[in-house]
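Down below is the structure, laid out as structure tokens.
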Amino acid sequence: MKTKNKYFLLPALLALALATPGCGVVNKLRAKNSLNEGVREFNKGKYQNAEDKFSRALELSPELTNAQLYYAQAVKAQFDQILSEDLGKKTIAAYDNVMSKNAGNDTAIDQALAYKANIYDQLARVNPERAGEYKQLQRETLEKRANLASATSKTKADVYYTLGVGYWKESYDMNAGYLQKNRSVPPEILQKMKPLVQKAHEYLQRAVSVDPDYANAWFYEKLVFIEEMKYDPARMNELKAKATAMQDKYIAMQKQQQQQAASEAPPSK
């Protein structure tokens, strides 16, 4: 009789374990199943369904890094489609969650920071009234990415290049409308351009100090010198010479890279 009771209890205990909330092993299995279902929905382009599945996976296993990342990606995909400020903030919060739950995982943190920087850049265009705030948040986020202990030289160079180009573009956008209409750029605009141009130089030089072969950084240095000419005509000849030197360096580097690519290409049959 005791033996019979023993075997009767086994399935009953298993059923209880499966039904009990917070059961670690079972919840992890359920979480992974929900994660896989979410991936399938994501790959079909059903991002809201994917978000729901990833959210369920996180309810069952909050520490599941893949679910955190996929959840953030599902929200971001919806933001990319709709470009609403609320969805952008929701996406930022999702990546903040990834970072808070993965303090020692530099790979996850680097990925989250890269996406956050991109989202802030998009938000600056979504809400022009807060563009300055979002641009600053983007720059701070990029700096954090470059300052990670595990950041590679390529990551650092890419971050510095992105920051340099961003400062150049902000200066260019300030005055382009006037020049396109053959109008003089107002003195107050020229004054605002100066610190942006200096920051552009600073970050592009950082990029090439990390990677001297970063051809595009040299090209944008030429464009930054052209910006500088607009508010410092007294140094026009000097700045033109520097811009030309940057252009020559860029062209030489492009040729060198093309020759290297050709030499490394497999022989044609």
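Observations
- Mean-position separation - Cα centroids, the range 155-213 and the range 23-99, in angstrom: 37
- The relative contact order of the range 152-257, computed from alpha carbon pairs under 8 Å that lie at least 6 residues apart in sequence, is 29 percent.
- Legend: distances between Cα atoms for Lys154/Lys255; Lys32/Lys135; Lys90/Lys144; pairs beyond 31 Å are Lys32/Lys135.
- A simple count of charges around Gln111, restricted to other residues whose Cβ falls under 14 Å of its Cβ and scoring Lys, Arg +1 and Asp, Glu -1, yields +1.
- Toward the positive end of the charge dipole of the chain, with +1 on the Cβ of Lys and Arg and -1 on the Cβ of Asp and Glu, the farthest Cα among Tyr161, Asn43, Val26 is that of Val26.
- Candidate cross-link partners of Lys28 among the lysines, defined by an alpha-carbon separation under 23 Å and a same-chain spacing of 8 or more, comprise Lys53, Lys101.
- Each label point was placed 7 Å from the Cα along the Cα-to-Cβ direction; for Ser100 and Glu143 their separation is 2.3 nm.
- Dimensionless Rg ratio for the range 110-178, taking C-alpha atoms and the 2.2 N^0.38 Å reference: 1.17
- Debye log10 I(q)/I(0) for the range 105-243, one point scatterer per Cα, at q = 0.09, 0.11 Å⁻¹: -0.30, -0.45
- Each Cα pair of the chain feeds into the Kirkwood radius, which the Stokes-Einstein equation turns, at 4 °C and 1.567 mPa s, into a diffusion coefficient of 58 µm²/s.
All of the numbers you see were taken from the coordinates with simple rules; none came from a lab. Values in this document were obtained by computation on a predicted structure and should not be read as measured data. With ideal geometry, Cβ positions are generated from the backbone for all residues, glycine too; neighbour counts draw on all protein chains shown.
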